1. Against the condition touching a strand residue (DSSP E or B) at 6+ places or on another chain (Cβ under 6 Å) and within 30 Å of I129 (Cα to Cα), how does V47 come out, does it pass?
2. Give G79, G75, G85, G69 a once-over and let me know the one that is surrounded by 12 or more Cβ atoms within 10 Å (Cβ to Cβ), at positive phi and not basic (K, R).
3. So which of G79, G69 is under 18 Å from H118 (Cβ atoms) and under 14 Å from the mean Cα position of the chain (by Cα)?
4. In segment 95-138, how many are open to solvent by less than 50 Å² (accessible area, probe 1.4 Å) and among the charged types (D, E, K, R)?
5. Look at E15 and say whether it is part of a helix (DSSP H, G or I) and either out of contact with any strand residue (DSSP E or B) (no Cβ under 6 Å at 6 or more places or on another chain) or under 19 Å from I106 (Cβ atoms) (or both).
6. Hey, any hits in segment 151-160 for a residue that's open to solvent by 50 Å² or more (accessible area, probe 1.4 Å) and within 23 Å of S33 (Cβ to Cβ)?
7. Can you tell me which condition I10 does not meet? The list is (1) of a type outside the set (S, T, N, Q); (2) in contact with a Cys (Cβ under 8 Å, 6 or more places away or on another chain); (3) within 30 Å of F142 (Cβ to Cβ), and all the others hold.
Amino acid sequence: MKLNPVLLCIETSNEICSVVLACGEEIISIRESDEKNSHAKNLNVFVEEIFQEAKMDIKETDAVVVSSGPGSYTGLRIGVSSAKGFCSALNAPLIAVKTLDAMLSIFDENTFRYALIHARENEFYCSAINEDNQKIYDDNIFFSSEIIFPADKNYFIAANDLTISKTKFEG
């Protein structure tokens, strides 16, 4: 693959449907919607719009990146099916990225980092990395009371739900 590949990135594992056109690590164009149950309606429209905005042809795509979950089963099916269709039409490779790993990647190393996706009721999918960059949770599902946060260290939380807070895990 070339140094700065053109990537079509698709995220449909949660409430937000997101499509990004990137060149290497630079975001060229992005479309997102948090409209409930709209992934099937919006995904292909968003793909067309980001390429038009960038004044690029979809045939310039070097690879398609898609979130692989955990998350909404229906959302994942829509995203992965579309991604596979684009790969087939473009003869491009498919790169699957674990949703929680992508969430963890936003933080600096050498700190405790947690990524949480609200599953249902009081359950969460969780991945976490300690200050030595070792996975302590890897796409596990827990009740909130089962997730252990370090009492004597700073840590960061990335979550798909703004109502998730530390107070939900203390008590």
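1. no
2. None of the others qualify; the one that does is G69.
3. Answer to the check: G69.
4. 2
5. The answer is no for E15.
6. Within segment 151-160, not a single residue is open to solvent by 50 Å² or more (accessible area, probe 1.4 Å) and within 23 Å of S33 (Cβ to Cβ).
7. (2)
Conditions tested, residue by residue: (1) under 15 Å from G75 (Cβ atoms); (2) in contact with a His (Cβ under 6 Å, 6 or more places away or on another chain); (3) open to solvent by 50 Å² or more (accessible area, probe 1.4 Å).
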{"site": "N4", "(1), (2), (3)": "no, no, yes"}
{"site": "N14", "(1), (2), (3)": "yes, no, no"}
{"site": "L21", "(1), (2), (3)": "no, no, no"}
{"site": "R31", "(1), (2), (3)": "no, no, yes"}
{"site": "H39", "(1), (2), (3)": "yes, no, no"}
{"site": "N42", "(1), (2), (3)": "yes, no, no"}
{"site": "I50", "(1), (2), (3)": "no, no, no"}
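The values are calculated or read from the model by the stated rules, or taken from the named source; none is laboratory data. What you see is a predicted model; the values in this text were computed from it and never measured. FYI the Cβ positions are ideal-geometry reconstructions off the backbone, even for glycines, and counts take in every protein chain you see. Just the protein is used for accessible areas: all its heavy atoms, side chains included, with ligands, DNA and RNA removed. Shrake-Rupley method; radii C 1.70, N 1.55, O 1.52, S 1.80 Å.
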